[in-house]
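Notes for the one structure printed next.
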Amino acid sequence: MPPAVRAAVASALKVRQAELYGSQTQSLSFFGWSVAASGNTVVIGAPGGYQQGDDQGGQVYVFAKPASGWVNMVQTAQLTPSDNGYNGFGYSVAIASDTIAVGGGAAETYIYVKPSGGWQNMTETAIIQDGSGNSGDGFGDAVAFDGAADTLIVTAEFSNVAAVNGGAAYVFAKPAGGWQSTSAPVAVLTPSDASEDVNWGASVVLDGNTVVVGSPFQPLFSNYGAAYVFVKPTAGWTSMTETAKLTVSKQLLDAELGTSVSISGNTIVAGAPGPAPVSGHVYLFTEPAGGWRTATESGRIDAGNTYEDAFGASVSLGGNKLAVGASAVEIGTYPYVGAVYLFVEPASGWQSTSKFNYEFTAKYGIQYDGLGYSVALDGGTLFAGAPFAYNLADVGAAYVFTF
């Protein structure tokens, strides 16, 4: 039995697990493709699902924590787009300050503001567009709010702003009267080394005045990957290229650094789930005393596996805890069941390690579930998606682990 499996057996005794369900999920829904959490609320995307009775592609579900704690449950509310949206609604989700953003990776991103009576089935409060008029630029591939939901970042991997299919990230600011439909970003963020077909913007995170954008296919064909840091100028957001570019000191073909990114305080983490057939890694980057600048990693984290595990497919950094999804982890003899690893920062600070504190696995997980494809860490609660779950039908599943 591999070390990771032994840890899973032991850690299962120390955590509480609940399963979340979408009432309309079915084959090829991919429920759990995206997940985001804030306080007592979690939002989960199922971009492959189709509502009965119309051709609207994708579903998004909101779950509010019961007073007694997380339990197996169906959604509190379902979010839908008033215009029937595009196939892929729910490809990306973000939540902050009772505000949810839903991307579909097509032409629009939808914003939902919690009603005074609590979350309920509803259509959007506002529709956000990039003004390009190009429905194929991938607008909404990744979305991120700041903590107050006053600023929204939306990436478009196929944007032509800096290069053909080169990608871009758009900055939107909430108006004084609240979020409104708009196609006018306040700024466009692009890489200084933009190149054709690199699809920049697969992941994004926003923390205070700092935006991090992942580009796992940079440079094209090598796919080493990189993470780009943008720091808000004193005068406010303006169209700009990166403040810093983060790469690794030993670049590996098809490592795909930047598949996932997260930030907390002065630490950025970026997942590199390739290259096959070996284990993936997550790289740590620490902000220098003088502010972010182009640099290589300050540390490297893995789970000690010796096979392709997709470690780094997703990451969530919160305070002194780091959750890493590894959607291809083997459990026993079953491939691609998936797992999520939790690391706690040592008193001496983050450093390179293969020693995790917990490994979370689904109680009834089976092969090809892909647990850990998405993760969201909120305090002492971990949410994880397994979008390929249930008898190879890709219905999808999502789990809550409390520890």
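The values are calculated or read from the model by the stated rules, or taken from the named source; none is laboratory data. Note that the coordinates shown come from a computational prediction; the quantities given were computed from them, not determined experimentally. Note that we place each Cβ from the backbone using ideal geometry, even for glycine, and neighbour counts take in every protein chain shown. These accessible areas exclude ligands, DNA and RNA; they are computed on the full protein's heavy atoms, side chains included. Shrake-Rupley method; radii C 1.70, N 1.55, O 1.52, S 1.80 Å.
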Whole-number percent relative contact order across region 162-314, with pairs defined as alpha carbons under 8 Å at least 6 apart: 18 percent
Amide H within-cut-off set for Thr294, under 5 Å, with H built and near neighbours excluded: Lys245
Highest-MSF residue in the chain out of Ala339, Ala386, Ala64 [GNM, Cα springs under 10 Å]: Ala64
The chain - accessible surface per residue (Å², probe 1.4 Å): 38 Å²
Distance (nanometres) between label positions extended 7 Å along Cα→Cβ at Tyr334 and Val164: 4.6 nm
The chain - Debye-derived log10 I(q)/I(0), Cα point model, q = 0.06, 0.08, 0.09 Å⁻¹: -0.20, -0.37, -0.47
Rounded Å value of the spacing that divides the Cα centres of region 324-403 and region 72-123: 24 Å
Net length gained if the chain between Ala148 and Val231 were fully extended (0.36 nm per residue, minus Cα distance): 28.1 nm
Two-site FRET efficiency, Lys355 against Ser249, from Cβ-Cβ distance with R₀ of 25 Å, rounded to 0.05: 0.70
GNM result for the chain, Cα springs below 10 Å: residue of Val315, Val186, Val229 fluctuating most strongly: Val186
Gain on full stretching of the segment that runs from Ala393 to Leu220 - 0.36 nm per residue minus C-alpha separation: 59.0 nm
Ranking by accessible area, most exposed first, for Ser264, Ser132 with a 1.4 Å probe: Ser132, Ser264
Carbon + sulfur, % of accessible area of region 55-203 - ligands and nucleic acids excluded, 1.4 Å: 44 percent
Interchain or long-range residues, amide H under 5 Å from Tyr21's placed H: Met73, Val74, Gln75
Partner aspartates and glutamates for Lys250 [C-alpha distance under 14 Å; skip if fewer than 8 residues away on the same chain]: Glu297
Radius of gyration, Dmax [region 345-401; alpha carbons; angstrom]: 13.9, 45
FRET efficiency, 1/(1 + (r/R0)^6) with R0 30 Å, evaluated for Ser239 and Ala289 via beta carbons: 0.60
Protection-proxy order for peptides 233-239, 330-336, 369-375, each taking the mean of Cβ atoms within 10 Å per residue, highest first: 369-375, 330-336, 233-239
Computed E for Ile366/Asn266 - FRET, C-beta separation, R0 45 angstrom, nearest 0.05: 0.65
Within a Gaussian network of the chain (alpha carbon springs, distance under 10 Å), most fluctuating of Asn121, Asn305, Asn160: Asn121
Dimensionless Rg ratio for region 253-403, taking C-alpha atoms and the 2.2 N^0.38 Å reference: 1.01
For the chain: relative contact order, % (alpha-carbon pairs under 8 angstrom, 6 or more apart): 14 percent
Probe 1.4 Å - accessible area at Arg16, Å² to nearest ten: 120 Å²
Shape of region 20-110, Cα gyration tensor, a/c cut at 1.5: oblate
Pairwise label distance in nanometres, Ser181 with Asp197, each label 7 Å out on the Cα-Cβ vector: 3.7 nm
Whole-number percent relative contact order across region 55-116, with pairs defined as alpha carbons under 8 Å at least 6 apart: 28 percent
Area of Glu287 that stays accessible when all protein chains are in place (1.4 Å probe, Å², to 10): 60 Å²
Links that overshoot a 19 Å alpha carbon limit, given the list Lys321/Lys363; Lys174/Lys321; Lys65/Lys114; Lys321/Lys355: Lys321/Lys363; Lys174/Lys321
Accessible-area value, Thr123, 1.4 Å probe, nucleic acids and ligands omitted, Å²: 70 Å²
Centroid-to-centroid separation of region 222-255 and region 146-208 [C-alpha atoms, Å]: 14 Å
Rounded if a/c under 1.5, otherwise prolate or oblate - region 50-171, Cα gyration tensor axes: prolate
